[in-house]
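Engineer: This is the structure I have questions about; it appears just below.
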Amino acid sequence: MKTSTEAEFRAFMVSRWPRMLRTAHLLTGQHHDAEDLVQTALAKAYVKWERIRRTDDPDAYVWRIMININVDRLRRMKGREWLTTRFPEPEAPDHTDGFAERSAILDALSRLPPKQRAVTVLRYLEDRSESEVARLLGTTVGTVRSHTARALKKLREHAVMSEPATLGRGRGTRGGGRD
């Protein structure tokens, strides 16, 4: 292309770019796709610019190129894209509460002496009976009960957990277990 023709095309392109981009954005729904559409249309117009500039309405010719490219683009798409404000996939569960809860439990258990911690973990987190815990720790059921009572009292005093009675719910400290 001659220098004067290139300058003419450049002036045409610069003056039409914002309006073409707006139209392309309305056609595609995506900013990046709109930029690609306008660039492709202008690239095709550049190749044919000698013929386009001699037409009665160069704007209409270039806009027609852009619209045809968009129609071809949509035909080639195997799966249609639908613009929506919602995601089609169900929301993934938020596991951050579980991490906070686990952290609170570990913090609470770290405040207990080793035997009370062992009894609490075996009784309430592993859901074992008092007799099973006594057998595993090599002690008596009475000792398990006393360690359990002291551990629960200490946990409640420190109010570490958001619901302190959670560890003791369903099982009193005086039996009530699966013996």
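Engineer: On the full set of protein chains, 1.4 Å probe, figure out the accessible area of LEU125 and give it in Å² to the nearest 10.
Structural biologist: 90
Engineer: Can you compute the modelled spin-label distance between SER131 and SER146, with each label point 7 Å from Cα toward Cβ, in nm?
Structural biologist: 2.2
Engineer: Moving to a separate point now. With point charges of +1 on the Cβ of Lys and Arg and -1 on the Cβ of Asp and Glu, referenced to the Cα centre of region 1-157, which listed residue (LEU109, ASN70, THR3) lies farthest in the positive direction of the dipole?
Structural biologist: Most positive-ward Cα: LEU109.
Engineer: For PHE99 and ARG73, calculate 0.36 nm times their separation in residues minus their Cα-Cα distance, and state this gained length in nm to one decimal.
Structural biologist: 4.7 nm
The values are calculated or read from the model by the stated rules, or taken from the named source; none is laboratory data. Please read these numbers as outputs of a predicted model, since none were measured by experiment. Because the Cβ atoms are built from the backbone with ideal geometry, glycine has one as well, and the counts that use them run over all protein chains shown. All accessible areas refer to the heavy atoms of the entire protein, side chains included, with ligands and DNA or RNA removed. Shrake-Rupley method; radii C 1.70, N 1.55, O 1.52, S 1.80 Å.
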